[in-house]
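Visitor: Have a look at this one.
The values are calculated or read from the model by the stated rules, or taken from the named source; none is laboratory data. Small disclaimer: the values here were computed from a predicted structure and weren't measured. Because the Cβ atoms are built from the backbone with ideal geometry, glycine has one as well, and the counts that use them run over all protein chains shown. Note: areas computed on protein heavy atoms with side chains; ligands, DNA, RNA excluded. Shrake-Rupley method; radii C 1.70, N 1.55, O 1.52, S 1.80 Å.
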Amino acid sequence: MMDDAAGMPSRKFRLAVLISGGGTTLKNLIDKINRRQLDVEIGVVVASTPKAGGLAFASEAGIDHRVVDHGQYETADEFSRAIFDVCRHAQVNLVVMGGFLKQVVIPDDFVHRVVNIHPALIPAFCGKGFYGRRVHAAALEYGVKISGCTIHFVDNQYDHGPVIMQRAVPVLEDDTPETLAARVFAAECDAYPEAIALIAAGRVVVEGRLVRVLPASYEPQSDADQAEV
């Protein structure tokens, strides 16, 4: 960790990770952090259901974890406010969706501060209803020769925000949705932490729908520079 001008250690870049299911993406991030391959910390894990298996990974890692049960809220606005209240309380820099299946309304103070990973090359096989096995089954049915994953900023439409990074994988003739999913997930395990690291380093700039990645030599001048994303 770098020291600030006063000689005090600066706080690590903090994540909130949102989950709805088994938490494989969360587990990958925890593993990358523990191996010192990702220099951030997870401040809080938020689940949209108490049945989310990924809560066990948060508990095992000693990470603060909360349930904001989608079924307890009448509107998307109410649910979203509850989610982001937790994120604000945890003082996170970035909200990371990891298999989070509920749509949220992004408040003004979190614009370009929420990211998602989708298991296809957006704008293909994305949008409402395209998640999990359905995505890979649709890709195989269409007959595409490549698929992959997309990391993007989240806006108020499904799988619509500016694209940060994409990774392609081949689609094989004997693929099933399960084998294709495994190949895509392997790509996700490297791409998502890489994208998060770029954001944490202040190297990601959004210009309309275009996301630019600044060179590795770039050094943010202040916390305000990092807030550009």
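Visitor: Need at least 3 residues that are closer than 27 Å to Val211 by Cβ and in contact with a strand residue (DSSP E or B) (Cβ under 9 Å, 6 or more places away or on another chain) per element, so show me which strands (runs of 3 or more DSSP E) inside the range 1-117 make the cut, counting only ones lying wholly within it.
Guide: Strands (runs of 3 or more DSSP E) meeting the threshold: 14-19, 41-47, 94-97.
Visitor: Please specify each residue of the range 179-205 satisfying the condition of being within 12 Å of Pro119 (Cα to Cα), out of contact with any strand residue (DSSP E or B) (no Cβ under 9 Å at 6 or more places or on another chain) and either of a type in the set (S, T, N, Q) or in contact (Cβ under 8 Å) with a residue 12 or more places away in the chain (or both).
Guide: Scanning the range 179-205 gives Ala181, Cys189.
Visitor: Checking the conditions here, which among Ile122, Ile164 is under 30 Å from Thr75 (Cβ atoms), in contact with a Ser or Thr (Cβ under 6 Å, 6 or more places away or on another chain), at pLDDT 95 or above and open to solvent by less than 40 Å² (accessible area, probe 1.4 Å)? It would help to see each step written out before you state the result.
Guide: On the way: Ile164 fails: in contact with a Ser or Thr (Cβ under 6 Å, 6 or more places away or on another chain).
Every option except Ile122 fails the conditions.
Visitor: Right, another one. Enumerate the pairs (first residue in the range 131-153 and modelled with pLDDT under 95; second residue anywhere and crowded, with 18+ Cβ neighbours inside 10 Å) with beta-carbon separation below 7 Å, excluding pairs fewer than 6 apart on the same chain, so at least 6 apart or on different chains.
Guide: Taking only residues 6 or more apart or on different chains, the pairs are Arg133/Ala181.
Visitor: I'd like to know if the range 48-70 contains one or more residues that are more than 15 Å from Gly23 (Cα to Cα) and among the hydroxyl-bearing types (Ser, Thr, Tyr).
Guide: No, every residue in the range 48-70 fails to be more than 15 Å from Gly23 (Cα to Cα) and among the hydroxyl-bearing types (Ser, Thr, Tyr).
Visitor: Which one of the conditions (1) open to solvent by 20 Å² or more (accessible area, probe 1.4 Å); (2) in contact with a helix residue (DSSP H, G or I) (Cβ under 6 Å, 6 or more places away or on another chain); (3) aliphatic (A, V, I, L, M) does Val104 fail to meet, given that it meets all the rest?
Guide: (1) is the only condition that Val104 fails.
Visitor: Within the range 118-142, track down each residue that is of a type in the set (Val, Ile, Thr) and not in a helix (DSSP H, G or I).
Guide: Correct list: Ile122 only.
Visitor: Would you mention how many residues in the range 69-101 are farther than 26 Å from Asn34 by Cα, open to solvent by 10 Å² or more (accessible area, probe 1.4 Å) and not basic (Lys, Arg)?
Guide: 13
Visitor: Same structure, new question: Restricting the search to the range 3-38, which residues are modelled with pLDDT under 95 and of a type in the set (A, V, I, L, M, F, W, C)?
Guide: Those that are modelled with pLDDT under 95 and of a type in the set (A, V, I, L, M, F, W, C): Ala5, Ala6, Met8.
Visitor: Mind telling me which of the residues Lys145, Lys128 ends up being open to solvent by 50 Å² or more (accessible area, probe 1.4 Å) and under 19 Å from the mean Cα position of the chain (by Cα)?
Guide: Lys128
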